[in-house]
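Trainee: Quick one: the structure is below, and I'll ask about it shortly.
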Amino acid sequence: MSTSTNQEKIKVRLYYWNARGRIQAVRYMLEDVAAKYPNVDYQEDFEILEKAAEDWPAHKADRSISGPFGTLPVLHWNDTHIIAQTLPIGQFIARKFDLYGKPKSANEDPVVFQALIDGVVSCAYTDVIFNIFMILWNQVDFDDPNHPYARLVKRVTSDFKTLNDLLAKSSTSFFYDQHEPTIADYFVFYGFTLAKDFHSALLPADEDTQALSKLEQEMKSRPALAKYFNEGRLYNRFSGSPTEQQYRAKIAAKKN
Ligand SMILES: N[C@@H](CCC(=O)N[C@@H](CS)C(=O)NCC(=O)O)C(=O)O
């Protein structure tokens, strides 16, 4: 059942580190959800990376905080359930708040349509976002084609081209002819902006990013997301990697 149709109060607490990390796409989803549904009381709680050594072991051990797997992100739902793992959290929110869209034709099976949307989500999360973090944690030298993780750079670039080509076939700015973003658009938007903020080598040629750039503009102009960015709530920090700052400074220095 969709939550949009009933007015019961819903308490949602997303709990993650103070970085973009795995969860940024879900943050965007929840900002839009909270703006659309007045019955949703949404807030974020943060585990602070800078205090991880002191705080995290106890929080991890307390499964009423860190959920069944003792990892973040988790979503505390109505103080009754803890939903764990990034993709299931995103998919749960999408199911609850109608972020799976609708097939163009009434004859199309909605379960099949949901699987098409989830295909895009999985490509964006597992193949693009996760690999970008592998590249970051392993400090890939973008000028060294023989770096052990250099093939991941090619993989991410190629997946962006595939996502762009698929999106270009849509009659709207969103995947599969939707007039409002689905979970797929939130994940691809995050992956694309993360790559842009990280390194241009992760992106295909400009002509192969046109549809993704249009998606980015559409998403950034959504009132709740524009407010999020204007309030400076997007973390500059991507990950919990202890070498991220130094690695990104090195990359930035090479660009100049
Ligand atoms: N498969 C999980 C992985 C979650 C995960 O590994 N989270 C990391 C942070 S990004 C974590 O909590 N690390 C601390 C720990 O494992 O103690 C997901 O996709 O959410």
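The values are calculated or read from the model by the stated rules, or taken from the named source; none is laboratory data. Model, not experiment: these values are computed from the prediction. All Cβ positions, glycine included, derive from the backbone under ideal geometry; neighbour counts span all protein chains shown.
Trainee: In the range 63-97, which residue that is assigned to a helix (DSSP H, G or I) and within 8 Å of the ligand (Cβ to nearest atom) is surrounded by the fewest Cβ atoms within 10 Å (Cβ to Cβ)?
Mentor: L87
Trainee: Among the residues of the range 34-92, what is the count of those that are among the small types (G, A, S) and either in contact with a helix residue (DSSP H, G or I) (Cβ under 6 Å, 6 or more places away or on another chain) or not assigned by TED's automatic domain parsing to the domain that holds G21 (or both)? Walk me through it before giving the result.
Mentor: Step one: of the range 34-92, the residues among the small types (G, A, S) are 34-35, 52-53, 58, 61, 64, 66-67, 70, 84, 90.
Add one more test, that the residue is either in contact with a helix residue (DSSP H, G or I) (Cβ under 6 Å, 6 or more places away or on another chain) or not assigned by TED's automatic domain parsing to the domain that holds G21 (or both), and what stays is 35, 66, 70, 90.
The qualifying residues number 4.
Trainee: While we're on this one: Applying the selection to the range 98-115, what residues are surrounded by fewer than 16 Cβ atoms within 10 Å (Cβ to Cβ), outside any helix (DSSP H, G or I) and either modelled with pLDDT of 95 or more or not basic (K, R) (or both)? It would help to see each step written out before you state the result.
Mentor: Here is the first cut: in the range 98-115, the ones surrounded by fewer than 16 Cβ atoms within 10 Å (Cβ to Cβ) are 104-112, 115.
From the residues that got through so far, the ones that are outside any helix (DSSP H, G or I) too are 104-109.
Of everything in the range 98-115, those that are surrounded by fewer than 16 Cβ atoms within 10 Å (Cβ to Cβ), outside any helix (DSSP H, G or I) and either modelled with pLDDT of 95 or more or not basic (K, R) (or both) turn out to be S105, A106, N107, E108, D109.
Trainee: From D177, D208, D197, grab the single residue that is loosely packed, with under 15 Cβ neighbours inside 10 Å, over 18 Å from F130 (Cα atoms) and not polar (S, T, N, Q).
Mentor: Values: D208 fails: loosely packed, with under 15 Cβ neighbours inside 10 Å; D197 fails: over 18 Å from F130 (Cα atoms).
Result: D177 is the single residue among D177, D208, D197 that is loosely packed, with under 15 Cβ neighbours inside 10 Å, over 18 Å from F130 (Cα atoms) and not polar (S, T, N, Q).
Trainee: Those residues that are within 16 Å of the ligand (Cβ to nearest atom) and among the charged types (D, E, K, R), I need them from the range 198-256; list them, please.
Mentor: If we filter the range 198-256 for residues that are within 16 Å of the ligand (Cβ to nearest atom), which is where we start, we get 235, 237-244.
R237, E244 - these are the residues of the range 198-256 that are within 16 Å of the ligand (Cβ to nearest atom) and among the charged types (D, E, K, R).
Trainee: Quick check on the range 128-165: of everything there that is charged (D, E, K, R) and more than 13 Å from F192 (Cβ to Cβ), which residue is surrounded by the most Cβ atoms within 10 Å (Cβ to Cβ)? Break it down stepwise before answering.
Mentor: Taking the range 128-165 as the starting set, the residues that turn out to be charged (D, E, K, R) are 141, 143-144, 151, 154-155, 159, 161, 165.
Restricting the remaining residues to those that are more than 13 Å from F192 (Cβ to Cβ) gives 141, 143-144, 151, 154-155, 165.
Working: D141: 15, D143: 9, D144: 10, R151: 12, K154: 12, R155: 17, D165: 12.
Out of the qualifying residues, it is R155.
Trainee: Condition (residue is at pLDDT below 95 and assigned to a helix (DSSP H, G or I)) applied to the range 135-150: is it met by at least one residue?
Mentor: yes
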